[in-house]
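The values are calculated or read from the model by the stated rules, or taken from the named source; none is laboratory data. Since we're looking at a predicted model, the values are computed, not measured. For neighbour counting, all protein chains shown are included, and Cβ atoms are generated from backbone atoms with ideal geometry for every residue, glycine included.
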Amino acid sequence: MATIPKQAGKVNKIIELKNQGIAQSDIAQMFRNMNMQPPSAPTIRKYYKMDEAPSASQLASVYQKPKAFDHPLCKAIILRTLEANGSNKLFRISSLYDLLEEELVDTGQMDVLPGNEQTLRSYCAYLMESGQVKELLLDARLYNFIEDPPPGKQIQLDYGVQRLDGGERVYFVCIRMRRSRLLFVSGLDHPYDASETCIALYIFFIFIGGRVEELVIDQDRCMVISEILGEIVETRVFKAFLDEQDLKLYVAHKSDPECKGSVENLVGFVKKNYFSSRLSQSAPKLITGLSAWCKRKNTNRLNAATHRIPMEHFLLEEKEALRPNLPSNYGCSSNISGPVKIDKMRIINYKANKYSVPPAYRFKEMYYRVGEGVLSIYADAEGTRMVRKHDIAPPDVKHQVFMHPEDKRLPSNKWEEVKKDLLRRYPCPSMLHFINGVCLENERFKEPQLSAILAWLEQRQPLLSFLESVLGRCCSTYSYKVSQFQAIYGGLAKELSVQEGLFPDDMQPQTVTMPSGVSVQIRGQDTYQDFFQRNVQETAKEGL
């Protein structure tokens with residue numbers, strides 16, 4: 001059997017030949033003359049009698065199987081749900097299938113659904129193609145085609161961040177010539193601030209050999225403080241750079257892809273084309289490789305929008321239209337100072353004050369940049385690896401040390417391991433109370449005190465019952481030093497030995513706990529009589 005489109009074509013050809021005056025008996029021969037296989041004689045007789053050709057759906061209706069989900073209960077829920085979620089991008093057919101199970105199977109209206117998820121998916125496609133689902137009129141945004149600006153007039157700037165497999169992050173800024181699509185990408189291991197953004201812009205001007213007239217940016221907080229009804233308030237640093245370079249500023253509205261869509265696409269292109277295959281590499285290596293990647297894309301790759309190589313396009317049309325470069329306070333080479341050798345004190349001297357660096361950079365060479373009241377410390381001469389940032393002290397503050405909280409030497413926590421050993425090896429009820437008292441009484445010497453107590457106990461290996469009596473005596477008398485513990489331990493051990501010497505094993509007293517909870521030692525009269533006779537005999541022996 002021919003497919004529905006082929007059959008519809010043959011039917012249309014039969015009606016067309018009939019309208020041209022071809023007799024019914026000659027239809028088959030006309031098909032052969034056109035190198036087409038003629039329909040069967042009954043097919044020709046059937047459709048030769050029609051004035052208009054049937055539609056493809058009418059032809060297919062004869063061969064269509066009944067739809068599993070055409071059941072009235074299922075179809076009502078499906079149509080209602082499809083129409084309600086016409087503009088919902090997160091809508092999934094699997095969710096609709098679960099909804100049918102909830103409303104029909106769980107309520108007992110149906111034992112099982114008449115098909116699986118794939119059957120439901122095909123049925124939903126059939127309902128949409130046949131027009132049974134009402135199409136929603138989407139109130140979508142109307143976009144206009146943005147023409148390219150004149151040569152050398154405009155650049156666009158945007159930021160991006162990429163997380164690497166090792167947990168590091170690379171922060172990068174993308175700058176693009178709007179007309180030729182010449183791109184420039186620079187990276188750091190920390191977010192860009194206003195000064196670093198100005199430095200990146202000035203390096204870009206040096207790279208292209210001139211200045212443009214207009215800069216298009218988003219409402220980024222390091223450049224723009226606020227925008228109210230078109231009134232732009234720039235940050236102090238960024239405003240100074242705009243005035244210095246005589247740049248016009250165009251600030252895009254939020255979620256406005258028309259005016260700066262080119263550079264936003266560039267951010268995504270950098271992530272996909274450069275970072276996606278290098279996520280296992282280190283951040284410094286990736287930052288260093290960005291310049292070579294930009295060169296390859298500018299000189300070897302046709303741009304999809306202009307169908308031209310960006311560098312050739314730039315040199316041919318935009319290079320001559322640029323304005324000459326001006327000197328700047330944001331030249332990167334003049335702002336980086338160093339190297340400075342860091343000693344064991346982990347500080348950098350700047351204008352009679354000392355500023356800390358992280359402990360990991362002891363005995364290494366560091367670099368720093370001063371700008372807008374901030375001292376930025378870097379681990380490399382290019383200024384891409386910032387390790388610490390300090391606010392510079394006022395001029396009247398001198399000979400002070402400014403230590404960042406993360407740069408301070410943390411106290412040792414070895415005492416915590418000793419504490420765990422004591423609690424594990426000697427689980428007496430009073431042990432935790434005693435350890436807390438030692439730590440509170442000896443704040444600076446917790447680890448030596450606890451270690452000495454542990455060593456004392458390891459040498460003697462006391463019974464837990466005896467140790468509990470020692471710890472109880474220490475806690476009741478607030479004796480939380482090693483010397484006090486040892487004195488109490490020795491005293492109680494001596495009392496125990498004296499008691500054991502007074503009474504042999506067969507004369508040891510029995511301990512009875514009274515109803516009030518008090519323990520009382522009980523000895524019989526024979527015990528005292530035997531003890532008296534023994535002392536008399538020992539005295540007589542001494543007299544002899």
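Filtering region 308-326 to residues that are loosely packed, with under 11 Cβ neighbours inside 10 Å and in a loop (DSSP other than H, G, I, E, B) leaves only Pro324. Being touching a His at 6+ places or on another chain (Cβ under 6 Å), modelled with pLDDT of 85 or more and not assigned by TED's automatic domain parsing to the domain that holds Glu458 holds for only one residue in Phe402, Phe363, and it is Phe402. Could you say whether any residue in region 84-99 is surrounded by 15 or more Cβ atoms within 10 Å (Cβ to Cβ), modelled with pLDDT under 90 and polar (S, T, N, Q)? Checked region 84-99: at least one residue is surrounded by 15 or more Cβ atoms within 10 Å (Cβ to Cβ), modelled with pLDDT under 90 and polar (S, T, N, Q).
Kindly evaluate Ile155 against the criterion of being in contact (Cβ under 8 Å) with a residue 60 or more places away in the chain and part of a loop (DSSP other than H, G, I, E, B). Here the answer is no, as Ile155 does not meet what is asked.
I'm checking my understanding of the structure. Among residues of region 271-307 that are of a type outside the set (A, V, I, L, M), in a loop (DSSP other than H, G, I, E, B) and touching a residue at least 60 places away in the same chain (Cβ under 8 Å), which one is surrounded by the fewest Cβ atoms within 10 Å (Cβ to Cβ)? The residue in question is Ser280. Here the condition is being closer than 16 Å to Trp415 by Cα and among the hydrophobic types (A, V, I, L, M, F, W, C); of Leu450, Leu457, Leu464, Leu471, it holds for Leu450 alone.
One line per residue, one yes/no per condition, for (1) in a loop (DSSP other than H, G, I, E, B); (2) farther than 30 Å from Leu457 by Cβ:
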{"site": "Tyr355", "(1), (2)": "no, yes"}
{"site": "Leu375", "(1), (2)": "no, yes"}
{"site": "Ala393", "(1), (2)": "yes, yes"}
{"site": "Trp415", "(1), (2)": "no, no"}
{"site": "Val418", "(1), (2)": "no, no"}
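Scanning region 405-460 for residues that are closer than 30 Å to Lys389 by Cβ, of a type in the set (Gly, Ala, Ser) and surrounded by 12 or more Cβ atoms within 10 Å (Cβ to Cβ) turns up nothing.
Checking each residue in region 249-268 for being polar (S, T, N, Q) and at pLDDT 70 or above picks out Ser262, Asn265. Strands (runs of 3 or more DSSP E) fully within region 204-256 that include at least 1 residues being of a type in the set (Gly, Ala, Ser) and surrounded by fewer than 17 Cβ atoms within 10 Å (Cβ to Cβ): 224-228. Name the single residue that is nearest to Arg169 (Cα to Cα) among those in region 259-305 being under 22 Å from the mean Cα position of the chain (by Cα) and among the hydroxyl-bearing types (Ser, Thr, Tyr). Looking at residues that are under 22 Å from the mean Cα position of the chain (by Cα) and among the hydroxyl-bearing types (Ser, Thr, Tyr), I get Ser282. Kindly provide the set of residues from region 95-120 that are within 14 Å of Ile77 (Cα to Cα) and within 38 Å of the chain's Cα centre (by Cα), ordered by number. Selection gives Ser95, Leu96, Tyr97, Asp98, Leu99, Leu100, Glu101, Glu102, Leu120. For Arg176, the criteria (1) buried (at least 21 other Cβ atoms within 10 Å of the Cβ); (2) modelled with pLDDT under 90 hold in every case but one, which is (2).
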